[in-house]
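Colleague: Pasting a structure here, questions to come.
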Amino acid sequence: MARRPVPRSKTSTAVVDYILEQIFEGHLRSGDRIDLEQVCRELDVSRLPVREAIVMLERDGIVSSTFHRGVFVEPFDARSINDDFEIIGLLSGVAVRHLAEERDAEVIAALEGLVDELRAVPQGDRERVVELVRLILTTEHRAGGSRRLRAELRSFSGYLPLVFRISTNRSQGDTVEAHARVVRAISAGDGEKAARHRLDDFREAGRSVVAELARRGVLSAETGS
């Protein structure tokens, strides 16, 4: 298999993305031992960024490491995935509620512009949709989040684009409306509604991801329902 060089500026993040991709594609399953030397060879990187990536993944509960035994994929089931989305939705909801309370005209205008761009994306351009969703969330979290909140949300920065990319049973129109209604609530100064919409959206996204992973056979029938 050909090596997959990664950008040196964010090497450990790229290693995280690679390992998550292996899990979501079903190449690594719950309880599997991750061959770190193979990861180094596959991505053509040194051991240092791989170790850094493992620390990040262990912090987020994706893997666990045991001295003298190695690094293993933690249980990967529907409950853990739905919990991830519940947590992200709650944290993101705090950020958008703050934005609604502050009603910063410049931030609102930027968000409305991004939603308009999202609405104008040609059907089928999944990568552009994912990019704009990331920009919308990043704008909201930076403007509405405290130092601590931003740090917590950043821990999901590699996880979110990947899981949204595999959520194939959600239409582009639904994605646009999900973000548009949050921005409308922010613009109206209704923080509770903005937070509620965001949490509902992430819950629905979590269910969609679970359904897709179950369809692929990544989750067992027992945990995928």
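Colleague: Give me the percent of accessible area attributable to carbon and sulfur for the chain, probe 1.4 angstrom. Intermediate results must be reported in sequence, preceding the final value.
Modeller: Numbers: 5820 of 11810 Å².
For the chain, the apolar C and S fraction of the accessible surface comes to 49 percent.
Colleague: Under the rule a/c < 1.5 gives rounded, and otherwise a/b versus b/c splits prolate from oblate, where does segment 69-127 land using the Cα gyration tensor? Could the numbers behind the result be given before it?
Modeller: Values: a/c = 3.25, a/b = 1.61, b/c = 2.02.
Oblate, because a/c is 1.5 or more while a/b does not exceed b/c.
Colleague: Further question: Loop by DSSP (not H, G, I, E, B), at most 15 other beta-carbon atoms within 10 Å: where is the longest site-free stretch of the chain for GluC sites (Glu not before Pro)? Provide the component values of the computation, followed by the final result.
Modeller: Numbers: sites that count: E25, E222.
By the stated rule (loop sites, at most 15 other Cβ atoms within 10 Å), 26-221.
Colleague: So how tilted is helix 191-216 from the main axis of the chain? Cα-based, degrees 0 to 90, rounded to 10.
Modeller: Between the helix axis and the principal axis of the chain, the angle is about 30 degrees.
Colleague: Please give me, ordered by residue number, the trypsin sites (Lys or Arg not before Pro) of segment 43-100 that lie in loop per DSSP and have at most 14 other Cβ atoms within 10 Å. Could the numbers behind the result be given before it?
Modeller: Working: sites: R47, R51, R59, R69, R79, R97; in loops: R69.
Filter output for segment 43-100: R69.
Colleague: Shifting gears a bit: Helix 172-187 against the longest principal axis of the chain: what's the angle in degrees, Cα atoms only, rounded to the nearest 10?
Modeller: 50
Colleague: Assuming 0.36 nm per residue, please report the length gained on full extension of the stretch R33 to E127 beyond their Cα-Cα distance.
Modeller: Working: separation 94, 0.36 × 94 = 33.84 nm, distance 3.08 nm.
Between R33 and E127, full extension yields 30.8 nm more.
Colleague: In nm², what is the average projected area of the convex hull enclosing the Cα atoms of the chain?
Modeller: Numbers: hull surface 52.1 nm².
About 13.0 nm², averaged over all directions.
Colleague: Could you work out how far helix 47-59 tilts from the main Cα principal axis of the chain, as a 0 to 90 degree angle to the nearest 10?
Modeller: Around 60 degrees separate the two axes.
Colleague: Can you compute 3J(HN,Hα) from phi for each residue in segment 124-130, using the Karplus curve 6.51 cos²θ - 1.76 cosθ + 1.60 with θ = phi - 60°, rounded to whole Hz and x for Gly and Pro?
Modeller: x, 7, 5, 5, 5, 4, 4
Colleague: Search the structure for amide H atoms under 5 Å from the amide H of I34, placed 1.01 Å from N in the peptide plane, and list their residues when 5 or more places away or on another chain.
Modeller: For I34, whose amide H was placed from the backbone, the distant partners under 5 Å are V71, F72, V73.
Colleague: Counting only helical runs of four or more DSSP H residues, what would the 222 nm mean residue ellipticity of the chain come to if each run contributes -39,500 (n - 2.57) and the total is spread over all its residues?
Modeller: Details: 10 runs with 153 residues, N = 225.
Here the helix-only value at 222 nm equals -22500 deg cm²/dmol.
The values are calculated or read from the model by the stated rules, or taken from the named source; none is laboratory data. Everything numeric in this text was worked out from a predicted model, so none of it was measured. Neighbour counts are summed over all protein chains in view; Cβ atoms, including those assigned to glycine, are modelled from backbone coordinates with ideal geometry. Side chains included, ligands, DNA and RNA excluded: accessible areas come from the protein's heavy atoms. Shrake-Rupley method; radii C 1.70, N 1.55, O 1.52, S 1.80 Å.
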